[in-house]
Amino acid sequence: VVGCYALSCRLVSAGALVRLGSRMLLPIRVSRDAIAGLWKFSVPMIVSTWVGIVGTQWIMYAIIKHYLPFSDLGLYSLASQIAGVVQQITIISSSLLLPHFSVMVANQQQTEIRALIERVTPYWFLGFALALSLCSLLAGAAIPVIFGAGFSGAVQPFILLMIATMGLAFFNTFMPLVSAYGSTWVLTRITFGSAVVNLSAALLFIPRYGITGAALATVLGYGT
């Protein structure tokens, strides 16, 4: 398996070399202004990435493990992993929107950007909200059937995480546009505020309400 994986990477790399030619192996010249611009854009993204770890399920796992039985960690882990599958939709859409918004901003297509935001995104949010509602309605029957009756306790946190996912959808939809305008510090401030709320709420709710409190803290964090 490892050999196949390594071979596939080598084949792709070899194809890239043939396609791009040998010039890509020569030293490149980069101006100081280009490097400065790169760091100016990237530093906020680096900071927000590390700060964002405080808002992930891994922090929840650590707090749950400290305050609650180990079985509760398994229940919440299942709920968060299933929710993470649904959240991948927003992450994929964000990745697809970034190059599109970047080109539109570079071409100063302000009218087209406004039309896209005002006419298309509301239907995207409506459709995604209906999909999350369907997941919430089916969770009570599907999770015990698929994973066993012992995992019924994961249903309520999962439903709350579906509400949190809607907040994440708003952020991931507009993040590419903000990035395209180069306002990366805005994203860092948003991430920092969300992480603080998430961590504070987790420390407050988990000891009192268990894994339901963990999911509620995520709702507040993503809502922020």
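The values are calculated or read from the model by the stated rules, or taken from the named source; none is laboratory data. All values derive from a computational prediction rather than experimental measurement. When we count neighbours, we look across all protein chains shown, and the Cβ atoms used for this are built from the backbone with ideal geometry, even at glycine. Areas reflect the complete protein model, heavy atoms only, side chains present, ligands, DNA and RNA absent. Shrake-Rupley method; radii C 1.70, N 1.55, O 1.52, S 1.80 Å.
In the chain, helices alone account for a calculated mean residue ellipticity at 222 nm of -28500 deg cm²/dmol, with every DSSP H run of four or more residues adding -39,500 (n - 2.57).
Between V43 and S13, the C-beta separation translates, for a Förster distance of 45 Å, into a calculated FRET efficiency of about 0.90. Normalised per residue, the accessible area of the chain is 62 Å², obtained with a 1.4 Å probe and no contribution from ligands, DNA or RNA.
Once both labels are positioned 7 Å from their Cα atoms along Cα-to-Cβ, the gap between I89 and E112 label points is 2.7 nm. Quick one: in the range 89-214, what % of C-alpha pairs are over 24 Å apart? That tail contains 45 percent of the Cα-Cα pairs. 3J(HN,Hα) along the range 178-190: 5, 5, 4, 7, x, 8, 6, 5, 4, 5, 5, 5, 4 Hz, from the Karplus curve 6.51 cos²θ - 1.76 cosθ + 1.60 with θ = phi - 60°, whole Hz, x for Gly and Pro. Compute the orientation-averaged projected area for the chain from the convex hull of its Cα atoms and round it to one decimal in nm². Mean shadow area of the hull around the Cα atoms is 16.8 nm².
Computed over the chain, relative contact order equals 31 percent, with contacts defined as Cα pairs under 8 Å that lie 6+ residues apart. Of interest is the spacing of the C-alpha centroids, which for the range 120-158 and the range 1-43 amounts to 41 Å. A DSSP coil position with no more than 15 other Cβ atoms inside 10 Å describes the following chymotrypsin sites (Phe, Trp or Tyr not before Pro) in the range 128-224: Y181.
Once you order the gyration tensor axes a ≥ b ≥ c over the Cα atoms, which shape class does the range 1-59 get: rounded for a/c under 1.5, otherwise prolate or oblate by comparing a/b with b/c? Since a/c reaches 1.5 but b/c is at least a/b, the shape of the range 1-59 is classed as oblate.
Can you pull the percent of Cα pairs in the range 67-123 with separation above 16 Å? Roughly 62 percent, once rounded to a whole number. Extending 7 Å from the Cα toward the beta-carbon at both V103 and A36 defines two label points whose distance is 3.1 nm. In loop segments of the range 16-87 as defined by DSSP, the trypsin sites (Lys or Arg not before Pro) with at most 16 further C-beta atoms inside 10 Å of their C-beta are R29. Couplings for the range 113-124, taken from phi via the Karplus curve 6.51 cos²θ - 1.76 cosθ + 1.60 with θ = phi - 60°, read 5, 4, 5, 5, 5, 7, 9, 9, 4, x, 6, 5 Hz in order; Gly and Pro are left as x. Extent of the range 174-224 along its three principal axes (Cα atoms, max minus min coordinate, largest first): 42, 14, 10 Å. In whole percent, and with a 1.4 Å probe on the protein chains, what portion of the accessible area of the range 1-121 is carbon and sulfur? On the range 1-121, the fraction of accessible area on carbon and sulfur atoms equals 67 percent.
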